1. On a full-extension model of 0.36 nm per residue, what is the gain between W230 and Q140, subtracting their alpha-carbon distance, rounded to one decimal in nm?
2. For the stretch 103-110, what does the Karplus curve 6.51 cos²θ - 1.76 cosθ + 1.60, with θ = phi - 60°, yield as ³J(HN,Hα) per residue in whole Hz, taken in order and with x for Gly and Pro?
3. Excluding K87 itself, calculate the net charge of residues whose Cβ lies under 14 Å from the Cβ of K87, where each Lys or Arg counts +1 and each Asp or Glu counts -1.
4. Label points 7 Å out from Cα along the Cβ direction at L94 and R124: separation in nm?
5. Using a basic spin-label model with each label point 7 Å from the Cα along Cα→Cβ, how many nm lie between I56 and Q40?
6. For R110 and A77, compute 0.36 nm times the residue count separating them, minus their Cα-Cα distance, and round to one decimal in nm.
7. Read phi for every residue in the stretch 87-99 and hand back ³J(HN,Hα) as whole Hz from Karplus 6.51 cos²θ - 1.76 cosθ + 1.60, θ = phi - 60°, with x for Gly and Pro.
8. Sticking with the crude label model, points 7 Å out along Cα→Cβ, report the distance from A250 to A218 in nm, one decimal please.
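Bear in mind these aren't lab numbers, they're just calculated from the coordinates by the rules spelled out. Please read all numbers here as calculations on a predicted model, not as lab measurements. Reconstructed Cβ throughout: ideal geometry from the backbone, glycine too, with neighbour counts over all protein chains shown.
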Amino acid sequence: MDAQVVEQKTLSTQGLQVVEPEGLQELATQINSVKVIDPQTADMAGQLILAGKAMIKRIESLFVPIKRSIDDSKRTALRLEREELAKIEPAVELLSRQLVSWRTEQEAIRRAAEEAARRAADERRRIEAEALRRAEVARQEEERKRIQLEQEAARLKREEILKADDAAAQKRIAEDRERLRLQAEENRKATEAAEEIAINEAAKKEAELVPAPVVPTAIKQKGLAMRDCWSFEIFDEAAVPREYCIPDLARLNKLATVEKERLRFSWGRAVNNPVMAKTR
């Protein structure tokens, strides 16, 4: 029977065994059943609180050596972990920073090359469009002059018909025809020259363009990738909005313990929330 009782009062979890303090369950049952309604139950509640606080200390004392052993083991494990990590972690971090810096630089170069190539393509398209525009202007001018000459030739033909018997008129008509032919030839040569000038100027401007740079391909490394890692940097603490400020309650509570009701500000004050405590 005693062995059975001891087994029931032994708490086991993850390799730890702790014997439950005798009378814990009974005391907890009594405390839960008390209702403070008169002086007698108030006195009983006081006694049970004292007994409960004593039981709490007994339970805490049972776990002190276990927690101390765990803390010691954890400190040892953490120390060994730090020592082993110190052999490799700084080197990995340094190399990671170097790789990030290099890849960031290469990405900036690649983007600058892309932008330069885009600008060069835009400039070439502009030059080509300008050459086409000038050629079209020259063509339209040639067409205007051709029509003008045709109209003049038609006029002369009409005069030729009217003055066919007039030798002097025939001579003037022949002279006008030669003049028109020479003018048409001159107009043709001028148009060709204008087109050639426009083409040469376009070719010259295109030759003066800086060759579009070769755009590097984006860097890819198997098993590695640059991942954004954002953090916030405060450079003016006085300008931080109120909603981003966290009150230091630990410090304020310590001040309240010392100053008591004297601790009062325009934005807060010390308040007293009594608790039951064991007297000496």
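1. Length gained between W230 and Q140: 26.2 nm.
2. After applying 6.51 cos²θ - 1.76 cosθ + 1.60, I find 5, 4, 5, 5, 5, 5, 5, 4 Hz.
3. With Lys, Arg at +1 and Asp, Glu at -1, the net is -3.
4. Reported label-point gap for L94 and R124 is 4.7 nm.
5. 2.8
6. 7.2 nm
7. For the stretch 87-99, the Karplus-derived couplings read 6, 10, 4, x, 5, 5, 5, 5, 5, 4, 5, 5, 5 Hz, x marking Gly and Pro.
8. According to this spin-label approximation, the distance is 4.5 nm.
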